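J.: Sharing a structure with you now.
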Amino acid sequence: MNEEERVKDFKAKTAVVTGAASGIGSGIACALAGAGMNVALVDIQERALEELRQQIESAGGKAIAIPADVSDAASLAAAARRVEEAFGGCDSN
């Protein structure tokens, strides 16, 4: 599979990025959105998440900001429900 085919394979799929509010997580989220994926942004930094969501959507991508603590099972379960509601779940391949 060449590079163009790999990028097409991402279009309209959904990714969940934890630690999305800054650093590598933010970079990964932007790259995935740029490749056409729906992106669920997960982090405890609500303000930074919202700014990133706006940045992605301004560039034509689809994203939702989900404030969540990945060390808390109930918080992660609630985040998973939000991803399901917004995008119908996430893709594993």
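J.: Could you check the stretch 11-24 and list, in sequence order, the residues that are outside any strand (DSSP E or B), in contact (Cβ under 8 Å) with a residue 12 or more places away in the chain and open to solvent by 70 Å² or more (accessible area, probe 1.4 Å)?
T.: Answer for the stretch 11-24, where residues must be outside any strand (DSSP E or B), in contact (Cβ under 8 Å) with a residue 12 or more places away in the chain and open to solvent by 70 Å² or more (accessible area, probe 1.4 Å): Lys11, Ala12.
J.: Pairs under 8 Å by beta carbon, first residue farther than 13 Å from Ile28 by Cα in the stretch 49-61, partner of a type in the set (Asp, Glu) and surrounded by 14 or more Cβ atoms within 10 Å (Cβ to Cβ), six or more apart or different chains?
T.: What qualifies is Leu49/Asp43.
J.: For the list (1) open to solvent by less than 80 Å² (accessible area, probe 1.4 Å); (2) over 12 Å from the mean Cα position of the chain (by Cα); (3) at pLDDT 95 or above, I need the number of the one condition that Glu51 fails.
T.: Against the list (1) open to solvent by less than 80 Å² (accessible area, probe 1.4 Å); (2) over 12 Å from the mean Cα position of the chain (by Cα); (3) at pLDDT 95 or above, Glu51 comes up short only on (1).
J.: Pairs only if they're at least six apart or on different chains, beta carbon under 6 angstrom, first in the stretch 25-41 and more than 18 Å from Asp69 (Cβ to Cβ), second surrounded by fewer than 16 Cβ atoms within 10 Å (Cβ to Cβ); list them, first residue then second.
T.: Hits for this filter: Ala35/Val7; Gly36/Lys11.
The values are calculated or read from the model by the stated rules, or taken from the named source; none is laboratory data. Every value quoted in this text rests on a predicted model; they were computed, and no experiment measured them. Using ideal geometry, Cβ is built from the backbone for each residue, glycine included, and neighbour counts are taken over all protein chains shown. These area figures cover heavy atoms from the full protein model, side chains too; ligands, DNA and RNA do not enter into them. Shrake-Rupley method; radii C 1.70, N 1.55, O 1.52, S 1.80 Å.
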